[in-house]
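The values are calculated or read from the model by the stated rules, or taken from the named source; none is laboratory data. Please read these numbers as outputs of a predicted model, since none were measured by experiment. Note that we place each Cβ from the backbone using ideal geometry, even for glycine, and neighbour counts take in every protein chain shown. Surface accessibility is based on the protein's heavy atoms, side chains included, excluding ligands, DNA and RNA. Shrake-Rupley method; radii C 1.70, N 1.55, O 1.52, S 1.80 Å.
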Amino acid sequence: MKYIRNTTDFYIEENTVLSLGKFDGIHRGHELLLEHMAAKKNEGLSAAIFTFDIPPRKNVEHAEVKVLTTNDEKVHIFEQLGIDYLVECPFTKEIMCMEAEDFIEKIVRQLHVKCMVVGEDFHFGHNRRGDYRMLRQYARKYDYEVIVVKKMQEDARDISSTFVREEIIKGNIEKANHLLGYRYFVTSVVEHGNQIGRTIGIPTINQVPAEEKLLPPNGVYVTEVYIGEQKYRGITNVGCKPTVGMRNPIGVETHLLDFAGDVYDKVVTVEFLSRVRAERKFSSIEELKNQMQNDIAYGRTFFMR
C-alpha cells in the first residue's frame, strides 16, 4: 500500500475507487463500504482511502479528541484490508474553508476518481455543505459513479466510532470488539519501566501509547500480544501503577504468560479480550504480588475456556 501524507498536492495516476471519511476505528459499519470497493477493485480500479491526519473536530472546536486508531495503526489496518492507497491529508485552513464543489473537483482530478463509495451521513466542504446528494449532482460533470451505503446497525442504532468509543470508555471490551469486528488494540514501542515486576518474579513489558490514543478504563485485562509474527497470551494493566508511586504516566503494562526474553524497543501490539478488574492501590508490594498472581491464574483459566 502506498501511504501519501503531509501534502495537499497528493496525486494518483491510476483510476481509483475512493472512499472518504475519518475512519477512526475501522469497524463493522465500514464493511459494506469496503465490500463495494473490493468489487470495483476486481473491475480494475485501484482502491484508495482519503482521510485527514487528525480528527477535524480537534481543529474546528479546539477540543481534545481521543482516537480509536492512531495514524500508524490505521495504516496497518488498511494494509491488511488490501487498500492500494491511503491519502492522509493535512487539515489545513485552506482545506477547511474549501467550498464543497471545489473539493470534489480537487479530489476527482488529483486522485483520478472513477467511483466514490460513501455513507449516507458523509459530509464535506466548508460548513459541511457537501453530502452524497451533491456528489451525485456533480457525478456527470466530473465523470464518476457514486455508491451510497446504508449504515449497519446493532441494538437499533448505527454502528459508528462514537458507539465503539462509548463501549470502550465503559470497559465493555467484548461489546466494543463485536462492533469493531476485531479486537481493540494498542500498538507501540516497548519502553524501559521501573522493573518492579522483575524484582518480584513477574516481569512485564511497558508501553506508553500515543497521547491521542483512547485507552480502556484503568484496570486489568486479559490480552493477546503480538511481537512480530509471534502471538503470546498476557495479563495487562492499564493505568498509572499507584502502588509504586502517584506520578507515573498512564501506560499499558503486560505480563506475558510463559515467555522469557528481551523485547525492549520492539513494536508490540496488545489486543484486549476481556476486563478482569479495576486498578487499585495496594498497601504493599507483597500484596500487589499476590493480586498479580491471582490475575495470572484468572488469565490461564480464561484461555483454557
Sum up the charges of everything whose Cβ sits under 10 Å from the Cβ of residue 187, counting Lys and Arg as +1 and Asp and Glu as -1, but leave residue 187 out. -2
From Cα pairs below 8 angstrom and at least 6 apart in sequence, can you work out the relative contact order of segment 1-153, rounded to a whole percent? 32
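For the chain, just run the numbers: alpha carbon Rg, then divide by 2.2 N^0.38 Å, N being how many residues it has.
Numbers: Rg = 21.9 Å, N = 305, 2.2 N^0.38 = 19.3 Å.
Dividing the Cα radius of gyration by 2.2 N^0.38 Å gives 1.13.
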For the chain, longest principal axis from Cα atoms; helix 161-170 axis from its Cα atoms; angle between them, nearest 10 degrees, is 10
Report relative contact order for the chain in percent, whole number only (criteria: Cα-Cα under 8 Å, sequence separation at least 6). 16
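Would you calculate, for the chain, the mean residue ellipticity at 222 nm contributed by helices, counting each DSSP H stretch of 4 or more residues as -39,500 (n - 2.57) and dividing by all residues, to the nearest 500? Before the final figure, lay out each step's value.
On the way: 11 runs with 96 residues, N = 305.
That calculation yields -9000 deg cm²/dmol at 222 nm.
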Quick one: helix 71-80 against the long Cα principal axis of the chain, what's the angle to the nearest 10°, folded into 0 to 90? 70
Once amide H atoms are placed 1.01 Å from N in the peptide plane, what residues at a sequence separation of 5 or more from residue 181, or on another chain, have their amide H within under 5 Å of its amide H? 28
Taking a ≥ b ≥ c as the square roots of the Cα gyration tensor eigenvalues, with a/c under 1.5 meaning rounded and otherwise prolate when a/b beats b/c, else oblate, which class fits segment 115-160? oblate
Accessible area of segment 117-244 belonging to carbon and sulfur atoms, whole % at 1.4 Å probe: 46
Partner lysines for residue 289 [C-alpha distance under 22 Å; skip if fewer than 8 residues away on the same chain]: 241, 281
To the nearest 20 debye, what is the magnitude of the charge dipole of the chain about its Cα centre, counting +1 on the Cβ of each Lys and Arg and -1 on the Cβ of each Asp and Glu? 680
Among the listed pairs 74/175; 41/150; 106/213; 2/114; 74/141, give every one whose C-alpha distance is greater than 25 Å. 106/213; 74/141
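Restricting to segment 88-165, what percent of DSSP beta bridges are antiparallel, rounded to 5? Present the calculation step by step, with values, prior to reporting the outcome.
Working: 3 of 8 bridges.
So the antiparallel bridges amount to about 40 percent of the total.
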Size of segment 1-126 along its principal axes in angstrom, Cα-based, largest extent first? 42, 30, 27
Ranked output for segments 21-31, 173-183, 1-11 by mean other Cβ atoms within 10 Å, highest leading, reads 21-31, 173-183, 1-11
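Write down Rg/Rh for segment 207-277, rounded to two decimals, with Rg from the C-alpha atoms and Rh from the Kirkwood relation over Cα pairs.
Working: Rg = 12.2 Å, Rh = 12.8 Å.
My calculation of the ratio gives 0.95.
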Roughly what % antiparallel, to the nearest 5, for the DSSP beta bridges in the chain? 60
If you fit an axis through the alpha-carbon atoms of helix 31-42 and take the longest principal axis of the Cα set of the chain, what angle between them do you get, 0 to 90°, nearest 10? 60
